[in-house]
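The structure appears below as structure tokens.
The values are calculated or read from the model by the stated rules, or taken from the named source; none is laboratory data. It should be emphasised that the depicted structure is a prediction, and the values quoted were computed from it without experimental measurement. Here Cβ is always computed from backbone atoms with ideal geometry, including for glycine, and neighbour counts include all displayed protein chains.
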Amino acid sequence: MICSVTPRLKQEYKDRVISALKEEFGYNNVMQVPKLEKIVLSRGVGAAVADKKLIDHAIDELSNITGQRAVATISKKDVASFKLRKGMPIGAKVTLRGERMYEFLDRLVTTALPRVRDFNGIKASGFDGRGNYNLGVTEQIIFPEIDIDKVNKISG
């Protein structure tokens, strides 16, 4: 028999957040309450134009952080000033949904963000007006899954 444990933040959302938002904003139905749909982590690797191994390192680091395989992002057009051709890998991304999304968010909030130097909370200016939030991280070493000794270059 397989026993799965509901992530802590997901349980908190179901138990307290939904009822609090319904009461505060006067929602009639549970389906009106905003919820997390997905978390997308992406990383641009501009130097990958010259060195293809950097993409593999970026994919490995994102995979270690999230627990899910990352994919390379491909350039859509030629940019002569960057020596970039259409179809070249220029970054990595991973999309988290469901249980992994809540587990990652929990680790981000409780473990990774407190390790950021001079962290004063997240800024409200990160919202785009459509319910999306954008958070930039300057160093990948804030995540405990990243081994500092194996990092080639510190980047976000």
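So which residues in the range 105-138 are closer than 15 Å to residue 65 by Cα, of a type in the set (A, V, I, L, M) and part of a helix (DSSP H, G or I), if there are any at all?
Hits for the range 105-138 are 105, 108, 109, 112, 113.
Where residues in the range 36-72 are surrounded by fewer than 13 Cβ atoms within 10 Å (Cβ to Cβ) and not hydrophobic (A, V, I, L, M, F, W, C), which of them is nearest to the chain's Cα centre (by Cα)?
Only one residue fits best here, namely 38.
Can you find a residue that is buried (at least 16 other Cβ atoms within 10 Å of the Cβ), in a helix (DSSP H, G or I) and either at pLDDT 95 or above or among the acidic types (Asp, Glu) (or both) anywhere in the range 24-34?
No, there is no match, as no residue in the range 24-34 is buried (at least 16 other Cβ atoms within 10 Å of the Cβ), in a helix (DSSP H, G or I) and either at pLDDT 95 or above or among the acidic types (Asp, Glu) (or both).
Would you please list the contacts, defined by Cβ atoms under 7 Å and residues six or more apart or on different chains, that run from a residue in the range 94-114 that is acidic (Asp, Glu) to a residue that is in a helix (DSSP H, G or I) and surrounded by fewer than 15 Cβ atoms within 10 Å (Cβ to Cβ)?
Pairs that qualify, where the first residue is acidic (Asp, Glu) and the partner is in a helix (DSSP H, G or I) and surrounded by fewer than 15 Cβ atoms within 10 Å (Cβ to Cβ), are 106/8.
Scan the range 65-103 for residues that are out of contact with any strand residue (DSSP E or B) (no Cβ under 8 Å at 6 or more places or on another chain) and in a strand (DSSP E or B) and jot them down.
79, the sole residue that qualifies.
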